[in-house]
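All of the numbers you see were taken from the coordinates with simple rules; none came from a lab. Keep in mind the model is a prediction, meaning the values are calculated, not measured. FYI the Cβ positions are ideal-geometry reconstructions off the backbone, even for glycines, and counts take in every protein chain you see.
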Amino acid sequence: MSPKSVIVIGAGIGGIVAATHLARRGMNVTVLEKNSHAGGRCDRFSSDGHHFDAGPTLLVMPLLYEAEFAALGSSLNEMLTLQRVDPTYHLVFDDGSQLALTSDMKSMQKQLDAFEPGGFQGFLRYMDEGQRHYHLGMQKLVNRDFRRASDFFTLRNLPLAFQLKPFTKHYGNMSAYFDDPRLKSAFTFQDVYMGLSPFEAPATFSMMPYTELAHGVWYPKGGMYSIVEALMELAQRAGVTFEFEASVERIAVNGSKARGVVLTDGRHLTGNAVLANADLPYVYKDLLPNDSEAKRLEQKRFSCSVISFFWGVDKPYEKLPPHTLFLADDYRDNFKSIIRDLDLPANPSLYVHAPARLDPSMAPKGQDTVIGIVPVGHLSGHGEQDWAKIRDEARQHVFRRLRTVGITDLEEHIKFEVNYTPLSWRKRYNLMKGSTHGLCHNLMQLAYFRPRNKHSRYQNLYFVGASTHPGTGLPSAMISGRLAAERMRDEMMYD
Ligand SMILES: Cc1cc2nc3c(=O)[nH]c(=O)nc-3n(C[C@H](O)[C@H](O)[C@H](O)COP(=O)(O)OP(=O)(O)OC[C@H]3O[C@@H](n4cnc5c(N)ncnc54)[C@H](O)[C@@H]3O)c2cc1C
């Protein structure tokens, strides 16, 4: 029998991983990527000796990376040189108080008890819950496929409704552990990675702060793009073919089958199956014939977006830690204005990353590389958001926040700036609404309720990536790649 051929649309993390699994199983796999290089949102660019990770900056959930590299027949530690980032984050609150989140329990005890008497005990109890949520969540929800309702609605899964606290709001749940609002925000801000406000996210997500402290936040030598390079090496070893600057215009369908793809340069390519890694709602809307599912997906809840500033600066800011988070007192209003009003909050929480603290080669000697990330609403669809104005306000907020930690002259030392707004995210990666994390992870968009990795009508059209199960983040993209490839292998065997 001649080998089956698969066309993959997009060389994001999910696309590369799925392609590699399929090629390792003997299929002929061609990945078509509209950009000039692989990685999708896990992107990188360099200018004047400064290197910028344009998307992810945190390697979290290392155990999942280990498992996924092993599933690809490799080893995380052989492919990448990792260093643990500890303290993980330096948190700075509006009143000037600071908290360095660290695995050093003595330091945590001292810091947390100074915030509130008994703070450390509350933290230990919270970590205990996070540990339970992490292990159960990974085993029962993240690391497995839900091909049909009966995979999810089982008697065995029933206890999850209590064990994982899916119906309890994350922020509300924090009152069981802390009184001080600063501590409540210190251990819930990670929900924004899921595109959610802690006021609506399920308490299940205590797994995030748990894994960050228990398993660590890590940094690969050379930056996060080294992960893409490592995965590309495995893909090439497996025999995957990549075509860059190859933009797919539409998926050619006929009856209940996808026949192949049509590229913007006019070429038609055919295959036994098509696997779309481009953002799922975009695929339905722009690459497939219009149907009610496209409308339904567009109306789902999307995660927020961010405005990112990439600065090459002519002096080093040695005192700026690698990951600094400025958390606003008006925490609830922050989320309201991002998620409900699709706007920039009046006093936004924001994040500053200084990669040269972790790997000096990220900036020229005697200079620095600084990234400022400000969460904002996604594109509204009505075009009334003035992104130039919002971007300029966001920039001033970063400078203002940095002044509170003694960095008063960054603006004067900027050699060049590159910035991305939600419009850039949409244009670069075809992310619907410029939403950086795709469909958000509320209860009705999780596990079985998240879009499946296969089209319901076109029987050989599959999906992979952040808007599919299990969701956003690099480890999830790798898992979704493996799950989609397993399904394709199972189903294509009998084709
Ligand atoms: C600002 C930001 C910060 C983040 N921080 C972190 C972090 O710290 N840690 C973490 O784990 N995760 C983080 N994430 C999330 C993580 O980057 C994503 O979840 C993950 O990279 C998504 O991978 P994916 O498989 O969905 O592919 P995508 O990255 O969406 O890639 C899809 C690819 O398809 C291509 N494509 C689209 N349309 C077409 C077409 N018509 N033809 C051909 N190709 C097409 C795109 O160009 C793209 O390369 C962050 C994301 C962003 C944006």
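Can you list the residues of the range 265-308 with backbone N under 18 Å from a point 7 Å past the Cα of ASP151, pointing along Cα to Cβ?
It comes to 274-277, 280, nothing else.
Mind checking the angle between helix 225-238 and the chain's longest principal axis? C-alpha axes, 0 to 90 degrees, to the nearest 10.
20
Can you tell me how much longer the chain between ASP113 and ARG237 gets when fully stretched, taken as 0.36 nm per residue apart minus their C-alpha distance, in nm with one decimal? Write down the numbers at each step before the final one.
Values: separation 124, 0.36 × 124 = 44.64 nm, distance 5.21 nm.
Going from the current span to full extension adds 39.4 nm.
Over all directions, what mean area does the Cα convex hull of the chain project, stated in square nanometres? Please report the intermediate quantities before stating the final value.
Values: hull surface 90.4 nm².
Average of the hull's projected areas for the chain equals 22.6 nm².
If each of THR81 and ASP409 carries a label point 7 Å out from its Cα toward its Cβ, how far apart are those two points in nm?
In this crude label model, THR81 to ASP409 measures out at 3.3 nm.
Divide by every residue of the chain the summed helix terms, -39500 (n - 2.57) for each DSSP H run of at least 4, and state the resulting mean residue ellipticity at 222 nm, rounded to the nearest 500 deg cm²/dmol. Don't skip to the end; give the middle numbers.
Values: 16 runs with 153 residues, N = 495.
For the chain, the value works out to -9000 deg cm²/dmol.
Which of the three applies to the range 217-344, rounded, prolate or oblate, going by the alpha-carbon gyration tensor with a ≥ b ≥ c and a/c under 1.5 meaning rounded?
Verdict is oblate for the range 217-344.
How high is the relative contact order of the chain, given as a whole-number percent (alpha carbon pairs under 8 Å, six or more residues apart)?
Normalised by residue count, the contact order of the chain is 23 percent.
Which shape class applies to the range 286-351: rounded if a/c is under 1.5, otherwise prolate when a/b exceeds b/c and oblate if not, where a ≥ b ≥ c are the square roots of the Cα gyration tensor eigenvalues? Working shown, then result.
Values: a/c = 4.03, a/b = 1.82, b/c = 2.21.
Here the range 286-351 falls in the oblate category.
Starting from the 7 Å offset along Cα-to-Cβ, what nm value, one decimal, do you get for the label separation of SER36 and LYS315?
3.4
What value in Å³ per residue do you get for the convex hull of the alpha-carbon atoms in the range 142-215?
Numbers: hull volume 8.4 nm³, N = 74.
Dividing the Cα hull volume of the range 142-215 by its residue count gives 114 Å³.
Scanning the chain for GluC sites (Glu not before Pro) in DSSP loops with at most 16 other Cβ atoms within 10 Å, what's the longest stretch left with none? Present the calculation step by step, with values, prior to reporting the outcome.
On the way: sites that count: GLU200, GLU245, GLU318, GLU384.
Maximal segment without exposed cleavage sites: 1-199.
Rounded to the nearest Å, what's the spacing between the alpha carbon centres of the range 93-127 and the range 306-358? Just the number, please.
Distance between centres, Cα-based: 21 Å.
Quote the FRET efficiency, to the nearest 0.05, computed for SER292 versus SER97 with a Förster distance R0 of 41 Å and r equal to the Cβ-Cβ distance. Intermediate values should be presented prior to the final figure.
Details: r = 51 Å, r/R0 = 1.25.
Computed FRET efficiency for SER292 and SER97: 0.20.
In whole Hz, with x marking every Gly and Pro, tabulate ³J(HN,Hα) for the range 387-392 from phi via Karplus 6.51 cos²θ - 1.76 cosθ + 1.60, θ = phi - 60°.
Coupling constants for the range 387-392: 5, 5, 5, 4, 4, 5 Hz.
Just order 466-473, 175-182 by mean Cβ neighbour count inside 10 Å, highest at the front, would you? Intermediate values should be presented prior to the final figure.
Values: 466-473: 25.8, 175-182: 16.1.
Descending packing order for the listed peptides: 466-473, 175-182.
Between LEU63 and PHE399, what length in nm is gained on full extension when 0.36 nm per residue of separation is reduced by their alpha carbon distance? Don't jump to the answer; show the numbers that get you there.
Numbers: separation 336, 0.36 × 336 = 120.96 nm, distance 3.60 nm.
Extra length from LEU63 to PHE399 when fully extended: 117.4 nm.
Restricting the count to DSSP beta bridges whose residues both fall in the chain, what percent are antiparallel, rounded to a multiple of 5?
Details: 46 of 66 bridges.
About 70 percent, rounded to the nearest 5.
Taking the Cα atoms only, what angle lies between the long axis of helix 474-492 and the longest principal axis of the chain, rounded to 10 degrees?
The answer is roughly 20 degrees.
List CYS440, CYS42 from most exposed to least, where exposure is judged by having the fewest other Cβ atoms within 10 Å. Each step should come with its number before you reach the end.
Details: CYS440 26, CYS42 20.
Lowest to highest Cβ neighbour count: CYS42, CYS440.
Rounded, prolate or oblate: which fits the range 251-304, taking a ≥ b ≥ c as square roots of the Cα gyration tensor eigenvalues, rounded meaning a/c under 1.5, else prolate when a/b beats b/c? Before the final figure, lay out the partial values.
Values: a/c = 2.35, a/b = 1.80, b/c = 1.30.
Taking the square roots of the gyration eigenvalues as a ≥ b ≥ c, the range 251-304 is prolate.
Run down the aspartates and glutamates and flag those whose C-alpha is under 13 Å from the C-alpha of LYS285, throwing out any fewer than 8 positions away in its chain.
GLU249, GLU293, GLU298
Rounded to the nearest 10 degrees, what's the angle between the helix 105-115 long axis and the longest principal axis of the chain, both from Cα atoms, 0 to 90?
Between the helix axis and the principal axis of the chain, the angle is about 60 degrees.
Given a Förster distance of 22 Å, report the FRET efficiency between SER47 and LEU263 from their Cβ-Cβ distance, rounded to the nearest 0.05. Before the final figure, lay out each step's value.
Details: r = 30 Å, r/R0 = 1.37.
It comes to 0.15.
In whole Å, what is the distance between the alpha-carbon centres of the range 190-250 and the range 397-466?
So the two Cα centres are separated by 12 Å.
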